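Derivation of every value follows stated rules applied to the coordinates shown; laboratory data play no part. This structure is a prediction, so every number in the text was calculated from the model and none was measured. Heads up, the Cβs are rebuilt from the backbone with ideal geometry, glycines too, and the neighbour counts pull from every protein chain shown.
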Amino acid sequence: MVYITRRERFTAAHRLFDPKLSDAQNTEIFGGCANPNWHGHNYEMFVTVKGEVSSEHGWVMNLKTLSDILKEKVIGKMDHKNLNMDVDFLKGVMTSTENLAIAIWNQIEGEIAKHGAQLHSIKIRETENNYVEYFGGK
Ligand code: NI
């Protein structure tokens, strides 16, 4: 079993908030990510897939294919967008980095399987000091 990783970057706006709470209460819970007039992050994402190395091609999966899947299903929909408002697969989702990783997993898992590899993990860095890793499941 070999693991290969593709890095992608996207820039996006978002806001973490509970609509039932006041702006002050949201700021108390979510800090700067609750700013009522939005804010942005330069996200960095690492998508790792795993599989057997093909004796024919010498690869687990064509990285160009992986890149194309990520562009079509994820980056093209999220880059320079408002994650709360513009992204079809994030409707009604609290746009925490944890939830982004889960939603992105659900977007691409089936597509990667079609190309003979298995999705292993999604790592998303929201800031220099914080990142999330998701390996599927609960
Ligand atoms: Ni934020």
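Contact map, region 34-49: residues that are under 14 Å from Ala12 (Cα atoms) and without any contact (Cβ under 8 Å) to a residue 40 or more places away in the chain paired with residues that are of a type in the set (S, T, N, Q) and within 14 Å of the ligand (Cβ to nearest atom), Cβ distance under 7 Å, separation 6+ or inter-chain. Pairs shown: Gly40/Thr11; Asn42/Thr11. Among the residues of region 54-65, none qualifies, meaning not one is in contact (Cβ under 8 Å) with a residue 60 or more places away in the chain and buried (at least 17 other Cβ atoms within 10 Å of the Cβ).
Of all residues in region 114-138, those being free of Cβ contacts under 8 Å to residues at least 24 places away in the same chain and either not charged (D, E, K, R) or not in a loop (DSSP other than H, G, I, E, B) (or both) number 4. Is it the case, given these coordinates, that Val74 is under 21 Å from Phe135 (Cβ atoms) and within 14 Å of the chain's Cα centre (by Cα)? Yes, satisfied. Considering the conditions (1) in contact (Cβ under 8 Å) with a residue 40 or more places away in the chain; (2) touching a strand residue (DSSP E or B) at 6+ places or on another chain (Cβ under 6 Å); (3) in a helix (DSSP H, G or I); (4) over 25 Å from Glu128 (Cα atoms), Glu111 is excluded by exactly one of them, (2).
Results for (1) within 16 Å of Lys114 (Cα to Cα); (2) assigned to a helix (DSSP H, G or I), shown as yes or no for each residue.
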residue	(1), (2)
Thr48	yes, no
Ser55	no, no
Gly58	no, no
Asp68	yes, yes
Lys73	yes, yes
Gly76	no, yes
Asp86	no, no
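Note on region 16-70: residues that are hydrophobic (A, V, I, L, M, F, W, C) and either within 14 Å of the ligand (Cβ to nearest atom) or over 18 Å from the mean Cα position of the chain (by Cα) (or both) total 13. Can you find a residue that is in a helix (DSSP H, G or I), touching a strand residue (DSSP E or B) at 6+ places or on another chain (Cβ under 7 Å), on the phi < 0 side of the Ramachandran plot and charged (D, E, K, R) anywhere in region 17-33? Within region 17-33 (the criterion being in a helix (DSSP H, G or I), touching a strand residue (DSSP E or B) at 6+ places or on another chain (Cβ under 7 Å), on the phi < 0 side of the Ramachandran plot and charged (D, E, K, R)), the answer is no, since none of the residues qualifies. Among the hydrophobic types (A, V, I, L, M, F, W, C) and over 28 Å from Pro19 (Cβ atoms): does that describe Leu63? Spelling it out, Leu63 is indeed among the hydrophobic types (A, V, I, L, M, F, W, C) and over 28 Å from Pro19 (Cβ atoms).
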